[in-house]
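Presented below is the structure to which this report refers.
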């Protein structure tokens, strides 16, 4: 039978010369296509989708009740509390306590040392201590006492008037020079005392170095220049760095409230009248 041909529509035998039309060719091609579920790529896509769904479910679903609770907490929006900055507490450092003690207590008060013109060192030529320095002899206008190493309680240049002693403190290692006169150094106490208290309740200080709360009680005072240089006197305290007063001029309401603080008086004497 060789190569007999049949009609694709009715199945009848065709003649040897039959040739299918284009429409018949399309029908044959369409009829021979496999269903989609019989194609390999369809099942590959299905398997891929199933694996993706199972994987996503296993990651999102907690394995234990504790994990479920944690996931629930993570999904709840928590409003953070505003941060509160602590206000720093500033405390003032207490003032350093003043330790009062006599300088070289083995040397009796009133001990004197006379030094002529020349250079000297405290601790070698004269013991450390607090002294009143007086003119003894020499230039009638007075002698000069000058600190040469920035001594704490001696001015760089002091004129020692024959009628006006000078109060200072000499510390070990201080160096100083004396010119134009012989000077007498008389040891006085460095502890609180009433040497400067007057019968009327006022205090007279100067010239030299004095101390609040030691030579004069803390408080408020009216201060008057009562003697010394004809051009006036200079006063320095912790609360008043520089005060210049002409003779008989008064400064009102000077506060002395730092025990141990220096009162430096130059060129004259000052009267401190307490304010009630």
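Cα extents for the range 102-191 along the principal axes, largest to smallest and rounded to whole angstrom: 35, 25, 19. Label the range 174-213 by shape, choosing from rounded, prolate and oblate, from the square roots a ≥ b ≥ c of the eigenvalues of the Cα gyration tensor; if a/c is under 1.5 it is rounded, and otherwise prolate applies when a/b is larger than b/c, oblate when it is not. Verdict is prolate for the range 174-213.
Neighbour counts of other Cβ atoms within 10 Å put 45, 158, 136 in the fewest-to-most order 45, 136, 158. Does the range 192-276 come out rounded, prolate or oblate, given a ≥ b ≥ c as the square roots of the eigenvalues of its C-alpha gyration tensor, rounded meaning a/c under 1.5 and, failing that, prolate meaning a/b above b/c? Rounded, because the longest to shortest axis ratio a/c is under 1.5.
Need one word for the range 196-239: rounded, prolate or oblate. Basis is the Cα gyration tensor (sqrt eigenvalues a ≥ b ≥ c); a/c below 1.5 gives rounded, then a/b vs b/c decides. Judged from the Cα gyration tensor, the range 196-239 comes out oblate (a/c at least 1.5, b/c at or above a/b). Counted by neighbouring Cβ atoms within 10 Å, the residues 130, 150, 184 run from fewest to most as 150, 184, 130. As a length-normalised measure over Cα pairs under 8 Å and 6 or more apart, the relative contact order of the range 192-276 settles at 43 percent.
Which percent, nearest 5, of DSSP beta bridges in the range 192-276 are antiparallel? Around 95 percent antiparallel, to the nearest 5.
Counting every other Cβ atom within 10 Å of each residue's Cβ, 43, 135 order from fewest to most as 43, 135.
Bear in mind these aren't lab numbers, they're just calculated from the coordinates by the rules spelled out. Predicted model only: the values in this text are computed from it and were never measured. Neighbour counts run over all protein chains shown; Cβ positions are idealised from the backbone, glycine included.
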